[in-house]
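Engineer: Below is the structure I would like to discuss, written out as structure tokens.
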Amino acid sequence: MTIEHPFPLTRPSIAITESTKTITELDCPELQWWSAIPHLHDHTMRAFYEVDTLELNSVVNMAVTGPAQIHQIDCIEIAVNEWTFGEPIQPMSQPSHFYCKLDPDKTQWLGVTQLSGGEPLHRTFEDEYFTDGWGVGEQRRLVDDGKYQRQPDKSYKITDGQGIGAGTYDVTIGDNTFCCLRVLDMIPPHPNEQGELVEAFIEPSGRSVLIRQHLGRYWGRNRIDWTEKYHDNQRLVIDGSVYVHCNCSGRAHDVLTNTGIGMVL
């Protein structure tokens, strides 16, 4: 089967530098951090590249199929397809459909269909533990109010700010340069070496161009030290807590969107 997608097989060059411009807030209508927008006619693709080899690992295609209803709430259905070119990123059930809605102030998750053992598993916001995996919604307004104060050693200190913005950066991917708000989204929402962190670069229209996932140094049941296992991976240090660039598969990926390579689908 021929798979059509706009991404090169080798990751284009990426350069990230502090910008002379400043973005203090923006409206992000995307499902964070899936990059799709629950709006009719939206079509979003994103690609996972292995950081060590720069090879394309997988492409996720998310296309709105039309309106739907979950528990009598009007929403949008998004069909999700993933094509893997290397080893699977995560040995878990993959989503096949999202059911979400876009409110004026937030995006809202209402349901997800996942394929588990080849069979569809439907879960909605009324099911127990649904919010643990998907949440109920994310605020569209993303703000940089100085919460992350950069230190001389490039670590960060948390202030009394409430936003998740962490500076303005120029992100160059191949021949395309984007002025972006950098976002550091911690789960839980405070420094924790058993938690997770998403680093995303979002351009002013609210579309993500580059996403990286980090794990707390001692994330996981085995409490291994990820800094020892992946001593060459990028690290972020926030209030002394160390996050290592890798996801729950234990590998590091750069996630590029179709926006990030200059493609409008």
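The values are calculated or read from the model by the stated rules, or taken from the named source; none is laboratory data. Keep in mind the model is a prediction, meaning the values are calculated, not measured. Glycine gets a Cβ as well: all are built from the backbone with ideal geometry, and neighbour counts include every protein chain shown. Just the protein is used for accessible areas: all its heavy atoms, side chains included, with ligands, DNA and RNA removed. Shrake-Rupley method; radii C 1.70, N 1.55, O 1.52, S 1.80 Å.
Engineer: Put a dot 7 Å past each Cα toward the Cβ at Val237 and Asn81; how far apart are the dots in nm?
Structural biologist: A separation of 4.6 nm, rounded to one decimal place.
Engineer: If you don't mind, there's one more thing I want to ask. Over the chain, what lengths in whole Å, largest first, do the semi-axes of the equivalent ellipsoid take, defined as the square roots of 5 times the eigenvalues of the alpha-carbon gyration tensor? Please list the in-between numbers first.
Structural biologist: Working: eigenvalues 148, 92, 87 Å².
In descending order the semi-axes read 27, 21, 21 Å.
Engineer: Ok, one more. Solvent-accessible area per residue for the stretch 41-87 at a 1.4 Å probe radius, Å²? Mind dumping the intermediate values first?
Structural biologist: On the way: 2280 Å² over 47 residues.
Per residue, the stretch 41-87 has an accessible area of 48 Å².
Engineer: Over the Cα atoms of the stretch 120-265, Rg to Rh with Kirkwood Rh, two decimal places? Kindly include the intermediate steps, with their values, before the conclusion.
Structural biologist: Values: Rg = 16.3 Å, Rh = 16.6 Å.
For the stretch 120-265, the value is 0.98.
Engineer: Still on this model: For Gly163, list long-range residues whose amide hydrogen, built 1.01 Å from N in the peptide plane, is under 5 Å from its own amide hydrogen.
Structural biologist: Counting only residues 5 or more places away or on other chains, the set is Asp145, Lys147.
Engineer: For the stretch 1-141, give the percent of accessible area contributed by carbon and sulfur heavy atoms, probe 1.4 Å, rounded to a whole number.
Structural biologist: Working: 3910 of 7860 Å².
Carbon and sulfur atoms account for 50 percent of the accessible area of the stretch 1-141.
Engineer: Would you mind giving the average projected area, over all directions, of the Cα convex hull of the stretch 1-147 in nm² with one decimal?
Structural biologist: Details: hull surface 46.7 nm².
Over every viewing direction, the Cα hull of the stretch 1-147 projects on average to 11.7 nm².
Engineer: In the neighborhood of Thr113, defined by Cβ-to-Cβ distances under 10 Å, what is the net charge if each Lys or Arg adds +1 and each Asp or Glu adds -1? Numbers along the way, then the final one.
Structural biologist: Details: positive: Arg123; negative: Glu77.
Taking every other residue near Thr113 into account, the sum is 0.
Engineer: Sticking with the crude label model, points 7 Å out along Cα→Cβ, report the distance from Thr20 to Lys154 in nm, one decimal please.
Structural biologist: 2.3 nm
Engineer: Between the DSSP loop rule and a limit of at most 12 other Cβ atoms within 10 Å, which chymotrypsin sites (Phe, Trp or Tyr not before Pro) in the stretch 104-161 are left? Numbers along the way, then the final one.
Structural biologist: On the way: sites: Trp109, Phe125, Tyr129, Phe130, Trp134, Tyr148, Tyr156; in loops: Phe125, Tyr129.
Answer by residue number: Tyr129.
Engineer: At 0.36 nm per residue, minus the direct Cα-Cα distance, what do Val264 and Glu228 gain on full extension? Give it in nm, one decimal, please.
Structural biologist: Details: separation 36, 0.36 × 36 = 12.96 nm, distance 4.02 nm.
So the chain would gain 8.9 nm between Val264 and Glu228.
Engineer: Further, regarding this structure: Hey, what's the stretch 133-220 come to in accessible area per residue, 1.4 Å probe, Å²? Could the numbers behind the result be given before it?
Structural biologist: Working: 3820 Å² over 88 residues.
So the stretch 133-220 comes to 43 Å² accessible per residue, rounded to a whole number.
Engineer: Here's a follow-up. What ratio of Cα Rg to 2.2 N^0.38 Å holds for the stretch 61-144?
Structural biologist: Working: Rg = 14.0 Å, N = 84, 2.2 N^0.38 = 11.8 Å.
The value comes to 1.18.
Engineer: Can you pull the percent of the stretch 198-263's accessible area that's carbon plus sulfur, 1.4 Å probe, other chains left in place? If you can, show how the numbers build up before the last one.
Structural biologist: Values: 1180 of 2600 Å².
The computed percentage sits at 45.
Engineer: Positive end of the dipole of the stretch 47-178, charges at C-beta (+1 Lys, Arg; -1 Asp, Glu), about the Cα centre: which of Leu110, Ala79, Met62 has its Cα farthest in that direction?
Structural biologist: Selected residue: Leu110.
Engineer: Could you give the spread of the C-alpha atoms of the stretch 99-161 along their three principal axes, from largest to smallest, in whole angstroms?
Structural biologist: 52, 31, 18
Engineer: Starting from the coordinates of the alpha-carbon atoms of the stretch 39-84, obtain the Kirkwood hydrodynamic radius over all distinct pairs and give the value in Å to one decimal. Mind showing how you got there, number by number?
Structural biologist: Values: mean 1/r = 0.0819 Å⁻¹.
Final number for the Kirkwood radius of the stretch 39-84 is 12.2 Å.
Engineer: Could I ask something else about it? Three principal axis extents, largest first, for the C-alpha atoms of the stretch 82-198, in Å?
Structural biologist: Sorted largest first, the three principal extents are 52, 35, 32 Å.
Engineer: A further question on this structure: Which lysines does Lys229 reach when only Cα atoms under 28 Å apart count, and residues fewer than 8 places away in its own chain are ignored?
Structural biologist: Answer for Lys229, where 28 Å is the Cα cut-off: Lys154, Lys157, listed by chain and number.
Engineer: Just to confirm the filter: which trypsin sites (Lys or Arg not before Pro) across the stretch 91-190 are DSSP coil and have at most 12 other Cβ within 10 angstrom of their Cβ?
Structural biologist: Values: sites: Lys101, Lys106, Arg123, Arg140, Arg141, Lys147, Arg150, Lys154, Lys157, Arg182; in loops: Arg140, Lys147, Lys154.
Qualifying residues, ordered by number: Lys154.
Engineer: What percent does the relative contact order of the chain come to when contacts are Cα pairs within less than 8 Å and at least six residues apart? Show your work: numbers first, answer last.
Structural biologist: Working: 633 pairs, mean separation 50.0, N = 265.
That works out to 19 percent.
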